[in-house]
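Chemist: Here's a structure for you.
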Amino acid sequence: MLERRATCDAGAAGGTMTSQRLHDQIRFILEIDKLKGVLRRSYLVDETRRENSAEHSWHVAVMAVVLAEHANEPVDVGRVVRMLLVHDIVEVDAGDTFVYDTAGADAKPELERRAAERLFGLLPGEQGDELRSLWEEFESARTPDALFAAALDRLMPVLHNVHTRGRSWHEHGITADMVIGRNSRMADGSRELWDYARGRIEEAVESGHLLPAPHSQKGS
């Protein structure tokens, strides 16, 4: 695909080159419109419906702007925002994998790799490479920017469940140990946000909005 573009651009007049680049960019923009149709398990705070992945991406991107001061290390807010805006684009092809679905998690890396190759490949070469690099950085979760982005990505579903009385947790039989096990790595990006989330999880158990860990149930 990149070779085809290079050939077209090399032999084209200036206006045609711009038109091809714009064509590819618009094609990508229209393709990711499909993300609005990918439903997640979390319910909106008003509980009228489940949120979609495009809404989730927007929400966590705004969280990055508002909550950046709580990152463990200084972060480039602009990079974190861009990372979060593209981190779920692969779900256009791969769909949303429920975080507690261990079987689905096994197939997820390859499905998302192929999706990233196709979707970011729709863009002009260097632009697609840049956005795919941000996606890969998020997936690797090693840099301060990626660790903070991942913390926000984990925090939002907890907040949704806390404010919908654990609706999604109850629907899928999720217990406190599962929520803590999934979300404790939030502390790698922000210890303060994890402390906050942990407190809300404990309150959810106390109020009956989240099932306690199995060993806690046996001992009660």
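Values quoted throughout were computed directly from the atomic coordinates according to the rules given, and no laboratory measurement underlies them. Quantities reported herein were computed from a predicted structural model and do not represent experimental measurements. Cβ: placed from backbone, ideal geometry, glycine included. Neighbour counts: every protein chain shown.
Chemist: Report the label-to-label distance for THR97 and ILE29 in nanometres (one decimal), using points 7 Å from each Cα along the Cα→Cβ vector.
Modeler: In this crude label model, THR97 to ILE29 measures out at 3.1 nm.
Chemist: Given a Förster distance of 25 angstrom, what is the FRET efficiency for ASP177 paired with ALA107, based on the Cβ-Cβ distance and rounded to 0.05?
Modeler: Result of the calculation: an efficiency of 0.55.
Chemist: Work out the FRET efficiency for GLU192 and VAL45 from their Cβ-Cβ distance, taking R0 = 22 Å, and round it to the nearest 0.05.
Modeler: Efficiency, rounded to the nearest 0.05: 0.50.
Chemist: Could you sort the peptides 178-188, 139-149 by per-residue average Cβ neighbour count (10 Å cutoff), highest mean leading?
Modeler: Most protected by this proxy first, the peptides run 139-149, 178-188.
Chemist: Gaussian network model of the chain, Cα springs within a sub-10 Å range: biggest mean-square fluctuation belongs to which of ALA54, ALA176, ALA151?
Modeler: Result for the chain, Cα springs under 10 Å: ALA176 fluctuates most.
Chemist: Also: Can you pull out the chymotrypsin sites (Phe, Trp or Tyr not before Pro) in segment 22-82 whose DSSP state is coil and whose Cβ has at most 14 other Cβ atoms within 10 Å?
Modeler: none
Chemist: How do SER168, SER53 rank when sorted from fewest to most other Cβ atoms within 10 Å of their own Cβ?
Modeler: Least crowded to most crowded, the residues run SER168, SER53.
Chemist: Something else: Hey, any idea what the orientation-averaged projected area of the convex hull of segment 2-219's Cα atoms comes to, in nm²?
Modeler: Taking a quarter of the hull surface, the average projection is 13.6 nm².
Chemist: Then there's this: State to the nearest 20 debye the size of the charge dipole of the chain about its Cα centre, where the only charges are +1 on K and R beta carbons and -1 on D and E beta carbons.
Modeler: Roughly 400 debye for the chain.
Chemist: Quick one: helix 102-120 against the long Cα principal axis of the chain, what's the angle to the nearest 10°, folded into 0 to 90?
Modeler: Once rounded, the angle reads 20 degrees.
Chemist: Ok, one more. Tell me the relative contact order for the chain as a rounded percent, counting alpha carbon contacts under 8 Å between residues six or more apart.
Modeler: It rounds to 21 percent for the chain.
Chemist: If I fit a long axis through the Cα atoms of helix 125-140 and take the longest principal axis of the Cα atoms of the chain, what angle between them do I get, 0 to 90°, rounded to 10?
Modeler: Taking Cα atoms only, the helix is inclined about 20 degrees.
Chemist: Any idea what the relative contact order of segment 26-69 is, in percent, if you count C-alpha pairs under 8 Å spaced at least 6 apart?
Modeler: Computed over segment 26-69, the figure is 29 percent.
Chemist: Sort the following peptides by mean Cβ neighbour count (other Cβ atoms within 10 Å, averaged over residues), highest first: 80-91, 124-135, 198-209.
Modeler: The peptides rank, most packed first, as 80-91, 124-135, 198-209.
Chemist: Pick from LEU152, LEU22, LEU111: which is most flexible by mean-square fluctuation in a GNM of the chain where alpha carbon atoms under 10 Å apart are linked?
Modeler: Highest fluctuation among the options: LEU22.
Chemist: Full extension from ASP76 to ARG165: what is 0.36 nm times the residue separation minus their Cα-Cα distance, to one decimal in nm?
Modeler: Between ASP76 and ARG165, full extension yields an extra 28.6 nm.
Chemist: List the residues, sorted by chain then number, that are 5 or more residues from SER42 or on another chain and whose placed amide H is less than 5 Å from its amide H.
Modeler: Here the answer is GLU51, since their amide H atoms fall under 5 Å of that of SER42.
Chemist: Next question. Using 0.36 nm per residue, how much length does the chain from GLU130 to TRP58 gain when fully extended, once their Cα-Cα distance is taken away?
Modeler: Contour length minus Cα-Cα distance gives 24.0 nm.
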